[in-house]
Amino acid sequence: MTTSPPDAAVHVRDLRKAYAVHEKEPGFMGSLRSFVSRKTRQVEAVRGVSFDLHPGEVVGFLGPNGAGKTTTLKMLSGLLHPSGGEARVAGFEPRRREAAFLRQITLVMGQKQQLIWDLPALDSFLVNQAIYEIPDDQYRATMREFTDVLGLDGILKKQVRKLSLGERMKCELAAALLHRPKVLFLDEPTIGLDVNMQESVRAFVRDYNERYDATVILTSHYMADVTALARRILVIDQGALVFDGDLGSLAGQARAGKTIRLQLRSPVTAQALAAYGQDVSVDGLSAQLSVPRAEVSERAARLLADLDVADLTVEDPSIEAVMADLFGHRTPPAPALESA
Ligand SMILES: Nc1ncnc2c1ncn2[C@@H]1O[C@H](COP(=O)(O)OP(=O)(O)OP(=O)(O)O)[C@@H](O)[C@H]1O
C-alpha cells in the first residue's frame, strides 16, 4: 500500500474495476441454456489507473466511448467498489461512504437527474439542506450566490418537469453544490445544452472553483468545456491512462499538423495553396491549411515569400482533431504515450 501525498485532494493508485457480465446465447434455446448453466465474462473497465490531484486543480478526463471514465468517477465517489488498487478523496476512502466524505464531494452526471420531477427545484434544495445539515445562514448565502451566478431567478419555483433542459441542468448543479463540496466529479455536465447554456455552466464551475478552491474532474464530449476549464488533461483508453499532461503537449502527441491561417491581399485558389499543405480551405481573402509540425517554419517562409500575405498565424490543431487522431482508428489498445 502506497502513502498518498499529504496534500492530495484525490489520490489514485493502480485503481481497477472488472464487471462480471452474464453471457447469453441468442434465442429461446440460448435463454434456456443460460438458465441452466450461467456463463460469466469479466469486463475490465478500469485496469490500473494512477494519478494525484492537488486541491483546487481542475482536470479534463477524456477518452473515447467506453474508455472507463464514468466507472472511475463512480469509484471515486464511492458508488462502485473497486476490484483492486487504492483511492483516497479529500483524505477519505470513497468505498466507505462516510457522512463526512459525502459532505466533501459531489457527483454530477449530465445524463441522470437528482431533482424531484414533480416539485419545484426549491423543494429539492430544501431536502438537500436537510440531508447535508446545511445551516440556514450558509444555505441562504449559497442560494444568493448561485442564483446570481447561474441566473436562477424565476425558475426555482417552477415544477422541474416544466423547465427547459438548460434550466434544469442549472438547478441540478446548484442542488449538487449546495453543500459546498471540495471535490467535484462532473460527468458530461453540459451534455445536450445549447452553446450559451454550456458557457453559463462553464462560468459557474470556474467561479465555484476559484471561490472555494475546489478540485474538479470533468468529463465532456464538448472540448470547449475542457479547454476553457482545465489545464491538465488525463486521457483514458480501454481502461488505462494513456496521457497525463497539459493541453499543449497532448496536441504534440497527435499526428495532426499545425494550422496556418492566412489573411491575403490578393486572392489565391485552393489549388495553388495545395502545394504548401493539406486540408486547404479558402474563403475570399482568408485561407487556412494544415502543415506537418516539423515543417511549419519552412512552409510559412515559403508562403510569405510567394504570396501577398497581410497576416499569417500558426495554431495547434483543435483538441477534437487530436482526439480523432488518437482514437479515430479504434484498433488494439493504444500504447502509453506520456506520463507527466
Ligand atoms: N454495469 C456494468 N456492467 C458491465 N459492464 C459495464 C458496466 N458499466 C460499464 N461497463 C463497461 O465498462 C466499460 C467502461 O464503461 P464506462 O461507462 O466507464 O466508460 P466511459 O468512458 O464513461 O464511456 P462513455 O464516454 O461512453 O460514457 C465499457 O466497456 C462498458 O461497456
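So that you can scan it fast, the table gives a plain yes or no per residue for (1) of a type outside the set (A, V, I, L, M); (2) surrounded by fewer than 21 Cβ atoms within 10 Å (Cβ to Cβ); (3) free of Cβ contacts under 8 Å to residues at least 12 places away in the same chain:
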{"position": "L126", "(1), (2), (3)": "no, yes, yes"}
{"position": "D136", "(1), (2), (3)": "yes, yes, yes"}
{"position": "E172", "(1), (2), (3)": "yes, no, no"}
{"position": "V183", "(1), (2), (3)": "no, no, no"}
{"position": "I191", "(1), (2), (3)": "no, yes, no"}
{"position": "D194", "(1), (2), (3)": "yes, yes, no"}
{"position": "V201", "(1), (2), (3)": "no, no, no"}
{"position": "V205", "(1), (2), (3)": "no, no, no"}
{"position": "N209", "(1), (2), (3)": "yes, yes, no"}
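Inside segment 223-264, can you point out the residues that are surrounded by 19 or more Cβ atoms within 10 Å (Cβ to Cβ), free of Cβ contacts under 8 Å to residues at least 60 places away in the same chain and not charged (D, E, K, R)?
T259, I260, L262, L264
So G166 clears everything in (1) in a helix (DSSP H, G or I); (2) buried (at least 19 other Cβ atoms within 10 Å of the Cβ); (3) under 20 Å from the mean Cα position of the chain (by Cα) except one condition, right? Which one?
Unmet condition: (2).
In segment 182-204, is there at least one residue being touching a helix residue (DSSP H, G or I) at 6+ places or on another chain (Cβ under 6 Å), in a strand (DSSP E or B) and within 16 Å of the ligand (Cβ to nearest atom)?
So far as segment 182-204 goes, yes, one or more of its residues are touching a helix residue (DSSP H, G or I) at 6+ places or on another chain (Cβ under 6 Å), in a strand (DSSP E or B) and within 16 Å of the ligand (Cβ to nearest atom).
Since every read-out is calculated from the coordinates, none of them should be taken as a lab result. Quantities reported herein were computed from a predicted structural model and do not represent experimental measurements. With ideal geometry, Cβ positions are generated from the backbone for all residues, glycine too; neighbour counts draw on all protein chains shown.
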